Structures are given as C-alpha cells and as structure tokens.
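Below is one structure, written out as structure tokens; comments come after it.
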C-alpha cells in the first residue's frame with residue numbers, strides 16, 4: 001500500500017507524518033509541488049510487453065503528453081533476478097535533480113521516491129501499483145527500488161534522450177531508510 005512519511009532533514013528517526021491515506025498523501029505532495037494521482041489498474045498479463053502496457057494506458061498517457069509536452073514514453077521493468085539489479089539500484093540512490101519533471105506511473109510493484117524540499121523536509125513516498133508521481137524539475141530526490149526490485153513503470157520525458165541526472169554530491173540519502181519491499 002502507498003505510504004508517505006515526512007521527516008526533518010536532520011532527524012531520519014522520527015517521522016512528523018506517516019500516512020497511507022491517499023487523500024492525505026495527495027494533499028501533502030500537492031503542497032510541495034509534486035503531482036500525485038491514483039489511476040485505475042488495467043488487467044494486464046504478467047510479463048506483458050511494452051506495447052501492450054502502453055496501449056492499455058494510452059488515454060492517460062496521451063492526456064499527460066498533451067498537458068505537459070512530454071515527447072518520449074517508455075517502460076522500465078525490473079525483477080528480483082535481474083543480473084544488474086545492484087548496479088541499477090545504486091545508480092538512483094544518491095540525491096540528484098533533473099532539468100525536467102520525473103514522472104512515473106507504477107503499473108506493478110513498488111519503489112520509494114524520497115524528495116527533499118527547499119525547507120529541508122524529507123518526503124519518503126512508497127509508490128505502489130496504480131500510483132502516478134511527478135517530481136518537479138529541480139527538486140532534489142533519490143529513488144530506491146530495494147535489494148530485490150519488482151516493478152513495472154511507465155516513464156514520460158520531455159527530452160527524447162530520457163533520464164538525465166545532475167547529482168548534488170550531498171550524502172543525505174545515506175542517512176534515511178532504504179526501501180525494504182513489502183509486496184510479494
């Protein structure tokens with residue numbers, strides 16, 4: 001289940017907010033400029049290819065493309081047996097920013113987006129199947145798929161080259177809890 005925990009940047013041990021209520025999650029994320037929505041899940045067979053997944057969510061994807069000007073769409077999928085899972089996990093664990101919004105819709109599985117606001121609050125958002133999150137351009141954040149990743153997500157980009165990160169060099173991500181998967 002989707003979960004939001006909010007911390008002060010100097011206290012990773014005590015969340016000031018811990019909720020699984022979608023309305024509360026949406027309100028808290030909207031307040032910091034993050035788009036969060038719940039989309040109805042489609043009945044898609046496990047292991048379905050990118051074309052099938054994109055066809056199933058075509059109305060939603062086309063609406064986002066028209067609203068925000070996204071030019072590129074793809075699917076990212078990782079399973080616990082992926083041979084490069086540790087390397088891929090490590091790529092996203094350090095705090096970074098992007099010059100465009102980072103938007104993901106979780107078709108299956110889960111992942112932890114951790115967002116750092118300008119007032120140094122940390123919002124740890126466990127996204128699960130049905131969650132759409134859009135981290136605004138320039139917002140410091142990191143992503144943890146866990147040691148045994150299991151997710152399928154639709155990604156949308158303005159830049160046709162896809163995911164491009166600018167790492168901050170701050171080790172703050174090392175002080176906050178990592179993702180330990182709860183979904184089977």
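The values are calculated or read from the model by the stated rules, or taken from the named source; none is laboratory data. Computed from a prediction, not measured in an experiment: that's the story for all the values here. We place every Cβ from the backbone using ideal geometry, glycine too, and count neighbours over all the protein chains shown.
Some values worked out for this structure:
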quantity	calculated
Test: residue in segment 159-180 that is assigned to a strand (DSSP E or B), touching a residue at least 12 places away in the same chain (Cβ under 8 Å) and surrounded by 13 or more Cβ atoms within 10 Å (Cβ to Cβ)	no
Segment 13-38, residues that are in contact with a helix residue (DSSP H, G or I) (Cβ under 7 Å, 6 or more places away or on another chain) and surrounded by fewer than 16 Cβ atoms within 10 Å (Cβ to Cβ)	17, 38
Scan of segment 51-88 for residues that are closer than 29 Å to residue 174 by Cβ and either out of contact with any strand residue (DSSP E or B) (no Cβ under 7 Å at 6 or more places or on another chain) or at pLDDT 95 or above (or both), ordered by number	79, 80, 81, 82, 83, 84, 86, 87
Filter pass, residue 83 being free of Cβ contacts under 8 Å to residues at least 12 places away in the same chain, under 17 Å from residue 132 (Cβ atoms) and loosely packed, with under 14 Cβ neighbours inside 10 Å	no
Pairs, first in contact (Cβ under 8 Å) with a residue 40 or more places away in the chain and at negative phi in segment 8-31, second in a helix (DSSP H, G or I) and surrounded by 13 or more Cβ atoms within 10 Å (Cβ to Cβ), C-beta under 8 Å, six or more apart	9/172; 12/175
Within segment 114-153, tally of residues that are part of a strand (DSSP E or B) and without any contact (Cβ under 8 Å) to a residue 60 or more places away in the chain	5
